[in-house]
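J.: The structure under discussion is supplied below as structure tokens; questions concerning it will follow.
Please treat every number below as a calculation from the coordinates, not as lab data. Computed from a prediction, not measured in an experiment: that's the story for all the values here. Positions of Cβ are generated from backbone atoms using ideal geometry, with glycine treated the same way; all protein chains shown enter the neighbour counts.
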Amino acid sequence: ASLHSSHLVFFPVTIIVIITPKELMKMEIKGDVEGGKHKGVREPLIGEKNKQLVNETKDYHHPWMVYFTTFIAVCGSFEFGVCVGYSSPTQDAIRKDLSLSLAEYSLFGSILTFGAMIGAITSGPIADLVGRKGAMRVSSAFCIAGWLVIYFSKGPIPLDIGRLATGYGMGVFSYVVPVFIAEIAPKERRGVLTTLNQFMIVIGGSTAFIFGTILSWRALSIIGLIPTAVLLLGLFFIPESPRWLAKRGLTKDFVAALQILHGKDADISQEAKEIQDYITSLEQLAKPKVLDLFQKRYLRSLTIGVGLMVCQQFGGINGVGFYASSIFDLAGFPSVTGTILFAILQIVITGVGAALIDKAGRKPLLLVSGSGLVTGSIFTAVAFYLKVHLN
């Protein structure tokens, strides 16, 4: 679930996303700045004679730190996918080992989304209060605690508590990771780098599917600790979001973080000024209220945004993703083979979608994927209806 990327979602989880009036105003300011209404904000700090030199410097320097920082951040996306994919391959083993009824396991599988909703609601205030890195640390802590509780569980109650904790961490990751990547990525690479968020979610889910066919459910919960461990370690080596630092008035830290991301030889004066001017313009706005969301000028955007999310969740992918192994078993198809094929297909299609999104556009891909979801749901419903009524 990403506020800052418009990509196909093949492995979504029900998460409440709150778009505040302030966020909508940010979009308007950004559009005005990039559209040229405030040309002064985009005036370079250097003369015409030095433009060529700066461009050469930008071309010379390779932003490896941006890529490394993005890699560390998307470990949270990978963790997101592992959390979602965990319940499908482990259903039979957990029910057998802990003597759970189908209803008890269904609660275990679905309670993840309740934790994710709470995490998504609180993620914005957390990220603004302790920073993007701080929010990722909080999220990692919940995921680690949740996986450990699941690993040591002897009954349904601790199992549900652990699942709820991982869901909360997943919900925070769903917001802070794409926001952090969008804030640290250069404009010319922002689209590609933010796409990695969704791609790593699918990779994580597919990893859980595949490893779940060869590992015990307790061992698979330990696999869930790996991306959070990499993330926590990596956070010591990457800078905080420059935009958050600028917003907090930490000018020296803001400049230092921007310089680290772009390289010590890169000229960051123009981008630094643009960010500071943007923050200044944002602070001059009146403090928004929730009811401002329902103003007429926001109605169309609000309807489209919320409508797409509602349609996405009612597509039924959550039920398929959480219980894929059982669905294949009931359909008479080998669950191991079906789960692996399901995982591989997600990776391939997500890669195709990421490659085509800027060329084909968002709307055509939404129409194609939506049509596929409707067709798949109809076939699945008819198949199980006939199975029940013809046998």
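J.: Each residue of region 226-239 in turn: what ³J(HN,Hα) in whole Hz from Karplus with 6.51, -1.76, 1.60 and θ = phi - 60°, glycine and Pro shown as x?
T.: 4, x, 6, 5, 4, 5, 4, 5, x, 4, 6, 10, 10, x
J.: Around residue 97, what is the net charge, scoring Lys/Arg as +1 and Asp/Glu as -1 over all other residues with Cβ under 13 Å from its Cβ? Numbers along the way, then the final one.
T.: Values: positive: 95, 96, 154, 218; negative: 92, 104.
Value of the local net charge: +2.
J.: Further question: If I take every Cα pair under 8 Å that is 6 or more residues apart in region 198-280, average their sequence separation and divide by the length, what percent do I get for the relative contact order? Spell out each step's value before the answer.
T.: On the way: 30 pairs, mean separation 15.5, N = 83.
With pairs under 8 Å counted, the relative contact order is 19 percent.
J.: Ok, one more. Apply the Karplus curve 6.51 cos²θ - 1.76 cosθ + 1.60, θ = phi - 60°, to the phi angles in region 126-131 and return the couplings in whole Hz, x for Gly and Pro.
T.: Going residue by residue, I get 5, 5, 6, 7, 10, x Hz, with x marking Gly and Pro.
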